[in-house]
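The values are calculated or read from the model by the stated rules, or taken from the named source; none is laboratory data. It should be emphasised that the depicted structure is a prediction, and the values quoted were computed from it without experimental measurement. Virtual Cβ from ideal backbone geometry, glycine too; neighbours counted across all protein chains shown.
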Amino acid sequence: MRAPRGKIFLLLALLLTTACSAVDAAHSPAPPARSTAAPSAPKPAPADDRAAAFRKWGIPLLPPPPAPPAVKPIRTGDGAIPVVSDIPTDQKIVFLTFDDGAEKDPKFVQMMRDLKIPFTMFLTDDIIKNDYGFFRPLQALGNSIQNHTLSHPDLHGRSLAQQKHEICFQQTKLTHEYGTAPGLFRPPYGNYNADTRTAVKSCGGLRAMILWRESMQIKKVQFQRPDKKFHPGDIILAHFRGPAQLKGESMTAMTANLLRQIASQGFTLARLDDYV
């Protein structure tokens, strides 16, 4: 018995539609994967815009940072965790770091969006947990978030187990909040011992301990060396602090003072992650 022509045509049409759908599905692009990579260095603004941004904040124009080295000068991953206060280089660059996270001034975020200078944040959970979100726009500018313990204790007097708790749990928290595992650790007050280096190595992902050569006070820089000058590769310590800690001064004013002193000695800023 022959099937009616109408049913044959309907069956052919259904077969063609199914085949086309299968071909389309096979050639459709897969959904984009979510990136958890560390923020990359921001692209420099056009020269005129950059100069205008520095004028806006009353700061002499700093030269753009040089291209990062092909090989990082600080060797990591072999043996003990290195302790770094400065970077070996002959270029007139210094590295700016901010600790703790107490002051959360929106004006500072705007300042960094305008200037686009590189810096590194060493954050403590007890100090930032009331507002993790404040630091995300700063991270989005290409500035990394690094480990500064859960509660900011003096590690020198703590047991190995206590030090592991402070460092490793903060490593987990920062990775969860900001999507990237820290690679650098700074001990509170700059105090550490052999157990600290063991704890840092055991946490996973941390490759160096970072100290400093200069620290920013309210209106001046405190130098460790007797010549009271920046040297190529120096790491500078500053803090997220506001008027309560700075005798009425703002964090933006403190940062502007520091940048003026860096400019006055002919230096510029580079990105610490590119060298360690």
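Within segment 88-100, none of the residues are out of contact with any Gly (no Cβ under 7 Å at 6 or more places or on another chain), of a type in the set (A, V, I, L, M, F, W, C) and over 25 Å from His231 (Cβ atoms). For segment 225-274, the set of residues classified as surrounded by fewer than 20 Cβ atoms within 10 Å (Cβ to Cβ) and farther than 22 Å from Gln110 by Cα consists of Arg225, Pro226, Asp227, Lys228, Lys229, His231, Pro232, Lys247, Ser264, Gln265, Gly266, Asp274, listed by residue number.
For beta carbons closer than 7 Å, sequence separation of 6+ or different chains, a first residue in segment 249-276 that is under 21 Å from Gln217 (Cβ atoms) and a second that is among the basic types (Lys, Arg) and surrounded by 17 or more Cβ atoms within 10 Å (Cβ to Cβ), the qualifying pairs are Met251/Arg241; Phe267/Lys92.
Within segment 65-86, which residues are buried (at least 16 other Cβ atoms within 10 Å of the Cβ) and either touching a His at 6+ places or on another chain (Cβ under 9 Å) or more than 24 Å from Thr198 (Cβ to Cβ) (or both)? Residues satisfying the conditions are Pro65, Asp86. When you check Leu96 against the structure, is it under 13 Å from the mean Cα position of the chain (by Cα), within 14 Å of Arg271 (Cα to Cα) and either surrounded by fewer than 19 Cβ atoms within 10 Å (Cβ to Cβ) or at pLDDT below 95 (or both), yes or no? Spelling it out, it is not the case that Leu96 is under 13 Å from the mean Cα position of the chain (by Cα), within 14 Å of Arg271 (Cα to Cα) and either surrounded by fewer than 19 Cβ atoms within 10 Å (Cβ to Cβ) or at pLDDT below 95 (or both). Among the residues of segment 194-208, those identified as farther than 14 Å from Val84 by Cα and in a loop (DSSP other than H, G, I, E, B) are Gly204, Gly205. Contact map, segment 82-108: residues that are farther than 22 Å from Val276 by Cα paired with residues that are at pLDDT 95 or above and in a strand (DSSP E or B), Cβ distance under 8 Å, separation 6+ or inter-chain. Pairs shown: Gly101/Met121; Gly101/Leu123; Ala102/His239; Glu103/His239. If the condition is being farther than 28 Å from Glu214 by Cβ and among the β-branched types (Val, Ile, Thr), then segment 139-196 contributes Thr172, Thr175.
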